[in-house]
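The values are calculated or read from the model by the stated rules, or taken from the named source; none is laboratory data. Keep in mind that what you see is a predicted model, and the values were worked out from it rather than measured. Note that we place each Cβ from the backbone using ideal geometry, even for glycine, and neighbour counts take in every protein chain shown. Side chains are part of the model used for accessible areas, which takes the heavy atoms of the whole protein and leaves out ligands, DNA and RNA. Shrake-Rupley method; radii C 1.70, N 1.55, O 1.52, S 1.80 Å.
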Amino acid sequence: MARLPQLVVFDLDYTLWPFWVDTHVEPPFRRNRDGSVRDSNEKIVRLYPEVPDVLDRLHGLGVTIAAASRTGEIRGANQLLELFDLTKYFAHKEIYPGCKVTHFERLQQKSGIPYSEMIFFDDEKRNIIDVSKLGVTCIHVQSEMNLHTLTKGLETFAKS
C-alpha cells in the first residue's frame with residue numbers, strides 16, 4: 001500500500017461545504033425534525049455530498065484528521081461540524097481568523113507530526129501557497145471535496 005500521511009487537514013468553507021459560514025448563512029444552526037440542518041432563516045445548509053465518505057475513508061485508514069479554518073464565525077463552524085456529525089472525525093480543530101500558517105504551527109505542536117507527514121485540502125490558492133512553504137503537501141480543491149480529490153491527493157502525497 002502507498003505511503004499515507006499521518007495528518008490530513010481540511011479547510012471548511014468551500015472545501016467541506018458550499019458557502020462561507022460567516023457571510024452566506026445565518027447562525028445559530030439547528031437540526032430540523034426531518035434531519036436537515038438549517039440556519040436561523042430556515043435556509044437548509046448542506047455539506048458537499050461525498051464529505052462523510054471522504055472522512056470515513058480516512059478514519060478507516062487510521063489517519064488523523066484536522067480542520068483548519070480562518071472563519072470569524074468560530075461558534076457557527078463548530079456548531080455545523082457537530083450538527084453534521086463530523087466532530088467524531090476531527091482530532092484537532094484550528095478554527096479562528098488569521099493566517100493558515102499559524103493554524104499549521106499549532107497543529108504541528110499539538111500533534112507532534114512533522115509538516116512532511118501532512119496533507120492539506122483547501123479551495124483558496126493563497127492558503128495553498130502559504131502552507132506549502134512549510135513542507136506540507138497541499139491540494140487545491142477546485143470544486144468540492146470528494147473521493148476523487150482525496151484519492152488524487154493521497155497519490156500526490158505518496159509520490160512526495
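I need the full set of residues from segment 24-53 which are within 24 Å of N146 (Cβ to Cβ), surrounded by fewer than 16 Cβ atoms within 10 Å (Cβ to Cβ) and hydroxyl-bearing (S, T, Y), in order please.
Correct list: S36 only.
Kindly indicate whether A66 is in contact with a Ser or Thr (Cβ under 6 Å, 6 or more places away or on another chain) and not aromatic (F, W, Y).
Criteria not met by A66.
List every residue pair whose Cβ atoms sit under 7 Å apart, with the two residues 6 or more apart in sequence or on different chains, where the first one lies in segment 74-94 and is among the hydroxyl-bearing types (S, T, Y) and the second, anywhere, is open to solvent by less than 30 Å² (accessible area, probe 1.4 Å) and assigned to a helix (DSSP H, G or I).
So the pair list comes out as T87/L81; Y89/L55.
Could you check, for segment 19-39, whether at least one of its residues is β-branched (V, I, T), assigned to a loop (DSSP other than H, G, I, E, B) and in contact (Cβ under 8 Å) with a residue 60 or more places away in the chain?
Scanning segment 19-39 turns up no residue that is β-branched (V, I, T), assigned to a loop (DSSP other than H, G, I, E, B) and in contact (Cβ under 8 Å) with a residue 60 or more places away in the chain.
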